[in-house]
Structures are given as structure tokens and as C-alpha cells.
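The values are calculated or read from the model by the stated rules, or taken from the named source; none is laboratory data. Keep in mind that what you see is a predicted model, and the values were worked out from it rather than measured. Here the Cβ positions follow ideal geometry from the backbone for every residue, glycine too, while neighbour counts run over all protein chains shown. What goes into the accessible areas is simple: the full protein's heavy atoms, side chains included, and nothing from ligands, DNA or RNA. Shrake-Rupley method; radii C 1.70, N 1.55, O 1.52, S 1.80 Å.
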Amino acid sequence: MHRALINCNQVQTEVVSQGRWIEEDPQPHSSKQIVLLIPGNPGIPRFYEDFIKAINSRLTSEIPIWIVGHAGHVQPPRDLDIAMPSDQKWAESYSLSAQLQHKAEFIKKYVPEDAHLHIIGHSIGAWFVLNLLKDKDINKRIQRCYLLFPTIEYMAETRNGIFFNIFISRIAPVLIFLSWIFTSMFPVTVQTFMIRTFGLFYGIPARSVRAVREMLDPRVLHRIINLAREEMKYVREADHEIISKHADKLWFYYGASDNWTPVKYYKNIMLKHPDLNAQLCQRGFQHSFVLKDDIDMGHIIGDLINENSKY
């Protein structure tokens, strides 16, 4: 597994690869398949590492799997002295529309035009995927889209959306201040111990501790919360036109007890698109599947990629 920071849309961005690195040329006669994962919010690649390992374990051929993190959701180490755009450049660097442009730029730069792209979108990542399909240059690269627990409509009206707007959004300055105390006053060993202790009660596995630490950087947490505010504001009615137009490329997976994408959203989309390839989870997977169900979910996606691969 390879991890590095790259400059994408003028923001240092963490990318993780399983298999061929994004800047390596493919070997002669190698598969043209590429798997790209666009995460939810927070868009921290480290949360998804075991997930892509599980996908890779099921693939019947060598296919590179890439995770592109969200702009600003991983802060470069201080010793690298890498400048990040200030909050004054929010609109062009970190906003919902900037994150979409960020993903489009990544694909056009690193995914060959003749590639067969399998693109996975988790949560708000699914909204990005649907919008990327509107770009003809990107669309022609995409073979299949796998949309997991997709937050593609009316996020603010869900149980979690209401809780976010009423509570989290209002106390955001306090949360960011507490994260500053946590990361600046306690050494890493104490931070790790506290997160692991907290995780015992709230289902955060030991393997996710470092990703949580990255999330609790106050600069990152500020961007995560501000992005979520925009999601509440702008993710309204699902884009039924794009869903109808590209239904043959889409596979949806909804949770049966998901407070971001309730079952009624699954039922509504199936009423509007009765032939859509969509499933309602029967295995109890949670919206944040990367914390507990990443291996099982990875096996499902890996098997689907095998079925849908074009060589």
C-alpha cells in the first residue's frame, strides 16, 4: 500500500493506493481496469484502508485501487512545512463544489482516457459520483458506479441531518476549541489511549485510532463541519435525470437502519426507477461501515467488480 500527498486543485491531498501507484505507467498488456474510491465526510483515506484491502483480496486480476481524500481533510505533517489554502479561499478550495472539481481534476489527470473505471462513492461520495457522470470526458472512462449508503437527497430532513443542524452546527466552535486542546495539550500516546478508551463504548476499532486523530486536527475538523453544513444546504432532490440516463452504470446499496439515508429514500427511488439496480442491506451494516463492516462490504464490492470487469 502506497500513501502520499499530491497537489490537486491547488490543495495538498492524501491519496492511498493498493497496487499500482497513480503516477506509475501500467505494464504492457496489463488490465485497463482501475478502481477509484471517493469517501464520505470526513474524507480521510486511512478510514478506508482495510476496505480496499478486502476488495483487493477478492479480485481475480491485478487492478489498482485508489482512494482520493477530500481536499483539506488530511493536514500535511508540520515537518514538511507545506502551506494549505486559507479559509478565505474556502469556495475554490474546500467547498462542496470545490470538492467536486477536485475529484474531476484527479480523474482527468491520473485515469487514462481508455481506462475502465470502477468508481465507488460512499455517503456524500455517491453525490460526487452522480455529478461526475455529467462530465462527458469522465463519463466515458466510467464502467460501473457503486454507491454505498448514498446521501444524494434531502440530507437536512433525515434524523442525523436534523441533529446536525440543531446541535452539532451550533456548538461547532466549542468542538473545534476542544479539538485544539486535545491535540495541542496531550501527547500522541495519551491521545491514542483516550480515543481507544472512547472507542470501546462507541464502536471505534483500534485500527481507526490514527484516522480519528487526523480528523480531530482542529483545522481539519473545521473543514469537515463546514462541508457538512453545505451538504445540508445543497443536497436536496436527487438528480433523477442523471440516474435514469445512466442507470445501466449504477449500483446502489442502502442501509436498513441508516439515519442519513432512511429506508423511505430507498423505496422512493425504486418507485421512480423500478429497474434500478439497488439493494437494501439485510446484514445490519451501518452507514459508517468502515468502522465495523469494511471487510464484508469489501468482499461484496470485489465480487461485483469481477462480474462487471471488461478486459
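With the structure loaded, tell me whether Ile119 is buried (at least 21 other Cβ atoms within 10 Å of the Cβ) and part of a helix (DSSP H, G or I) or whether it fails that test. Even if it seems obvious, please write down each step before you answer.
On the way: buried (at least 21 other Cβ atoms within 10 Å of the Cβ): yes; part of a helix (DSSP H, G or I): no.
No; evaluated as a whole, the condition is false for this residue.
Pull out all pairs, ordered by first then second residue, where Cβ-Cβ is under 9 Å, the residues are six or more apart or on different chains, the first lies in the stretch 21-43 and is within 18 Å of Glu307 (Cα to Cα), and the second is among the polar types (S, T, N, Q) and part of a strand (DSSP E or B).
Pairs that qualify, where the first residue is within 18 Å of Glu307 (Cα to Cα) and the partner is among the polar types (S, T, N, Q) and part of a strand (DSSP E or B), are Gln33/Gln143; Val35/Gln18.
So Ser86 passes all but one of these: (1) hydroxyl-bearing (Ser, Thr, Tyr); (2) within 20 Å of the chain's Cα centre (by Cα); (3) open to solvent by 10 Å² or more (accessible area, probe 1.4 Å). Which condition number does it fail?
The single condition Ser86 does not satisfy is (2).
Considering each residue of the stretch 127-167, count those that are open to solvent by 20 Å² or more (accessible area, probe 1.4 Å), among the aromatic types (Phe, Trp, Tyr) and not in a helix (DSSP H, G or I), and give that number.
1
Take the stretch 259-311 and flag every residue that is closer than 19 Å to Gln143 by Cβ and among the aliphatic types (A, V, I, L, M).
Leu276, Ala278, Ile300, Ile301, Leu304, Ile305
Does Gly161 satisfy being at pLDDT below 95 and either within 30 Å of Glu307 (Cα to Cα) or of a type outside the set (A, V, I, L, M) (or both)?
Values: at pLDDT below 95: no; either within 30 Å of Glu307 (Cα to Cα) or of a type outside the set (A, V, I, L, M) (or both): yes.
Spelling it out, it is not the case that Gly161 is at pLDDT below 95 and either within 30 Å of Glu307 (Cα to Cα) or of a type outside the set (A, V, I, L, M) (or both).
Failed condition for Val212, given (1) at pLDDT 95 or above; (2) open to solvent by less than 40 Å² (accessible area, probe 1.4 Å), with all others met?
(1)
In the list Glu92, Glu62, which residue meets the criterion of being more than 15 Å from the chain's Cα centre (by Cα) and either within 19 Å of Arg144 (Cα to Cα) or without any contact (Cβ under 8 Å) to a residue 24 or more places away in the chain (or both)? Spell out how you get there, then give the answer.
On the way: Glu92 fails: either within 19 Å of Arg144 (Cα to Cα) or without any contact (Cβ under 8 Å) to a residue 24 or more places away in the chain (or both).
Criteria check complete, one pass: Glu62.
In the list Lys233, Lys267, Lys292, which residue meets the criterion of being of a type in the set (Lys, Arg) and either closer than 24 Å to Ser97 by Cα or open to solvent by less than 10 Å² (accessible area, probe 1.4 Å) (or both)? Show your work before the answer.
On the way: Lys267 fails: either closer than 24 Å to Ser97 by Cα or open to solvent by less than 10 Å² (accessible area, probe 1.4 Å) (or both); Lys292 fails: either closer than 24 Å to Ser97 by Cα or open to solvent by less than 10 Å² (accessible area, probe 1.4 Å) (or both).
Criteria check complete, one pass: Lys233.
What are the residue pairs meeting all of these: first residue in the stretch 161-174, first residue under 14 Å from Lys233 (Cβ atoms), second residue β-branched (Val, Ile, Thr), Cβ atoms under 8 Å, and 6 or more apart or on different chains?
Once the first residue is under 14 Å from Lys233 (Cβ atoms) and sits in the stretch 161-174, its partners that are β-branched (Val, Ile, Thr) give Ser169/Ile225.
Go through (1) open to solvent by 10 Å² or more (accessible area, probe 1.4 Å); (2) in contact with an Asp or Glu (Cβ under 8 Å, 6 or more places away or on another chain); (3) within 27 Å of Pro205 (Cβ to Cβ) for Lys32 and report which single condition fails.
Among (1) open to solvent by 10 Å² or more (accessible area, probe 1.4 Å); (2) in contact with an Asp or Glu (Cβ under 8 Å, 6 or more places away or on another chain); (3) within 27 Å of Pro205 (Cβ to Cβ), the lone unmet condition for Lys32 is (3).
Only one of these is assigned to a helix (DSSP H, G or I), hydroxyl-bearing (Ser, Thr, Tyr), modelled with pLDDT under 95 and surrounded by 16 or more Cβ atoms within 10 Å (Cβ to Cβ): Thr192, Thr197. Name it. Steps first, please.
Values: Thr197 fails: surrounded by 16 or more Cβ atoms within 10 Å (Cβ to Cβ).
Going through Thr192, Thr197 in turn, just one is assigned to a helix (DSSP H, G or I), hydroxyl-bearing (Ser, Thr, Tyr), modelled with pLDDT under 95 and surrounded by 16 or more Cβ atoms within 10 Å (Cβ to Cβ): Thr192.
Within the stretch 47-69, take every residue that is open to solvent by 40 Å² or more (accessible area, probe 1.4 Å) and in contact with an Asp or Glu (Cβ under 8 Å, 6 or more places away or on another chain) and give me the one that is farthest from Ala228 (Cα to Cα). Before the answer, list the steps.
In the first step, residues of the stretch 47-69 are kept if they are open to solvent by 40 Å² or more (accessible area, probe 1.4 Å); the result is 50, 53, 56-58, 60, 62.
Filter once more, keeping what is in contact with an Asp or Glu (Cβ under 8 Å, 6 or more places away or on another chain): 50, 58.
Numbers: Asp50: 25, Arg58: 33 Å.
It comes out as Arg58.
This table checks each residue for (1) over 12 Å from Pro42 (Cβ atoms); (2) of a type outside the set (S, T, N, Q).
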{"residue": "Phe182", "(1), (2)": "yes, yes"}
{"residue": "Val190", "(1), (2)": "yes, yes"}
{"residue": "Ile195", "(1), (2)": "yes, yes"}
{"residue": "Ser208", "(1), (2)": "no, no"}
{"residue": "Met215", "(1), (2)": "no, yes"}
{"residue": "Arg219", "(1), (2)": "yes, yes"}
{"residue": "Ile225", "(1), (2)": "no, yes"}
{"residue": "Met232", "(1), (2)": "yes, yes"}
